[in-house]
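Working notes for the structure below.
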Amino acid sequence: MTMKFEHFKEKLLMYGADVQCWPKDIRSSGLKALDSSYELQKLVKDEERFEGVLKTRKYEEPSRDLAGRIVAAALPKKKKAQRNLGVLFSEVLSEFSLSRRALAAVSVSLIFTLVIGFTIGYSNPSGYVSGEQYTTNLEDFLNYEGDVL
Amino acid sequence: MDTKLLHLDDESLICRIQEGSHEAFAALVDRHSNRFYRIAYRLVSSRDDAEDIVQEAFLKLWDRPNLWDPGKRAKFTTWFYRVVINLCLDLRKKKKLINLPEDIAFADENPGPDVLFDVHQKQAVLERFIHELPERQQLAVNLCFYEGLSNNEAAQIIGVKVKALQSLVMRAKTTLRSNVKRYLDRGLR
C-alpha cells in the first residue's frame, strides 16, 4: 500500500529526507509512493536542501584531552572525600606492596606486641605510687635543706 | 586501564563506580564524554561552557554515583542526557541566552549568485532561529536531528510521549523552514 501525500509529508518532517532511514514499517510504502509521484520527489528534494542548511550549523570539536581532564579532576576529589584513618592506613600499606600473607603476619605481630606491652604495663607493681607515699615524699622534698658537703 | 572494563556495559561500569572504582569511571568518561559534549555544545553554543558542563556532570556522578538508580530501569545515557541538559538550561538562564545579533545586515549589497551571505553570518542566523524556538522544540530538534537519537530515546530524555516528541520535531522544523526561507528570500531581493 502506498502512502498518501499528506501522510508522506508528515513522515518526511518527522524522519527526514532519507526515506531509506525511515522506520521499517513505513519505509517500503514510503519508497513506493516516492517512486510513483513527481510531487513527492520535489518535496524530498526541498527537504534535502533544507536539511543541508540545518547542517551548516556551527560546531566546534571538544579539546582532545577533555576525557583525561575530567578523569584527572575526579581523582583528588574522591581521595579528599575519603580521607580517613582506614584509607590512609591502606594507602600506606599499598605503597609497600605487601602480599596478603605478609600483611597478616605484620598485623598479628603488631597486635601481639601491643598486648604484651599493656600486660607488662598493668602488672608492674614498681610503677605504682600511692597518694600517701607521694604526699610524704613531697613533704620530704620541701623540708630538704641540702646535703652538707 | 583494565581492558575488561572496556567490554562492560554502562550500567555495569556504574555499579563499579558505586564501589569506588576510578578505572571504571575513566572508562565511562572515555566512552561518552564526546557524545555529551555535543549536546551541551548544541545548547550553549560555546566550547568552553560545554566542556565545563560535561566535566561538572561527570564529577557529580563520581561524587554521588548512587544518583543513578538501576531500579528505575532508565538507561545510563538517557539519564545522563537529562543531567547534562539540565545543567545547560541552568547556565542559559544564568547567562540570559547567548548574545546573538538581533538583525544581521548583509555584508555585500550585491552578492554573487552562489555566495549569498558570509558563512559566519549564516551560521549565526541559523543559531538564532534555533535558540528562538520554544525550549522543548529545541531539545527535540537537537536530539533527533543533530544527535540522531531515536524518537523513543529522545522522548524519554525530554519526558514526553513519542507522539508528543514527533509533534515537537515537526513544529520545530516547520518554524525553522519558514524562518530560513524568509531570510533567504530577503537575501535574494
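The values are calculated or read from the model by the stated rules, or taken from the named source; none is laboratory data. Quick caveat, the model's predicted, so the values are computed rather than measured. FYI the Cβ positions are ideal-geometry reconstructions off the backbone, even for glycines, and counts take in every protein chain you see.
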Quiz item: Do we find that B:V141 is at pLDDT 95 or above and closer than 16 Å to A:G52 by Cβ in this structure?
Solution: yes
Going by what's in this entry, would B:F129 be described as part of a helix (DSSP H, G or I), of a type in the set (F, W, Y), under 18 Å from A:K55 (Cβ atoms) and touching a residue at least 40 places away in the same chain (Cβ under 8 Å)? yes
Within the range B:159-189, residues of a type in the set (F, W, Y) and within 9 Å of chain A (Cβ to nearest Cβ) come out as none
(request) Answer yes or no as to whether B:V180 is surrounded by 18 or more Cβ atoms within 10 Å (Cβ to Cβ), within 28 Å of B:T77 (Cβ to Cβ) and of a type in the set (V, I, T). (result) no
Out of (1) over 17 Å from the mean Cα position of the chain (by Cα); (2) of a type outside the set (A, V, I, L, M, F, W, C); (3) over 29 Å from B:F76 (Cβ atoms); (4) more than 9 Å from chain A (Cβ to nearest Cβ), the one B:R128 does not meet is (1)
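To keep it simple, each residue is scored yes or no on (1) among the hydrophobic types (A, V, I, L, M, F, W, C); (2) under 25 Å from B:E127 (Cβ atoms); (3) not assigned by TED's automatic domain parsing to the domain that holds B:A124.
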position	(1), (2), (3)
B:L6	yes, no, yes
B:D10	no, no, yes
B:Q18	no, no, yes
B:R31	no, no, yes
B:S46	no, yes, yes
B:E56	no, yes, yes
B:L59	yes, no, yes
B:T77	no, no, yes
B:V83	yes, yes, yes
Subset of the range B:43-54, residues facing chain A (nearest Cβ under 8 Å) and either farther than 15 Å from A:A73 by Cβ or small (G, A, S) (or both), comes to B:S45, B:R47, B:A50
Sole miss for B:N151 among (1) modelled with pLDDT of 90 or more; (2) more than 11 Å from chain A (Cβ to nearest Cβ); (3) touching a helix residue (DSSP H, G or I) at 6+ places or on another chain (Cβ under 7 Å); (4) more than 21 Å from A:V53 (Cα to Cα) is condition (2)
From the option list A:S123, A:S63, single residue qualifying as of a type in the set (S, T, Y) and either over 30 Å from B:L43 (Cβ atoms) or at pLDDT below 70 (or both) is A:S123
- Tell me, please, whether a residue that is part of a helix (DSSP H, G or I), modelled with pLDDT under 90 and within 14 Å of chain A (Cβ to nearest Cβ) can be found in the range B:12-35. no
Reported set for the range A:1-24 where residues are under 19 Å from B:G148 (Cβ atoms) and not aromatic (F, W, Y) is A:K11, A:L12, A:L13, A:M14, A:G16, A:A17, A:D18, A:V19, A:Q20, A:C21, A:P23, A:K24
message: Looking for something within 12 Å of the chain's Cα centre (by Cα) and either more than 11 Å from every other protein chain (Cβ to nearest Cβ) or aliphatic (A, V, I, L, M) (or both) - is there at least one such residue anywhere in the range B:55-72?
response: no
Scanning the range A:22-70 residue by residue, those assigned to a helix (DSSP H, G or I), within 14 Å of another protein chain (Cβ to nearest Cβ) and in contact with a Phe, Trp or Tyr (Cβ under 7 Å, 6 or more places away or on another chain) turn out to be A:L54, A:L66, A:I70
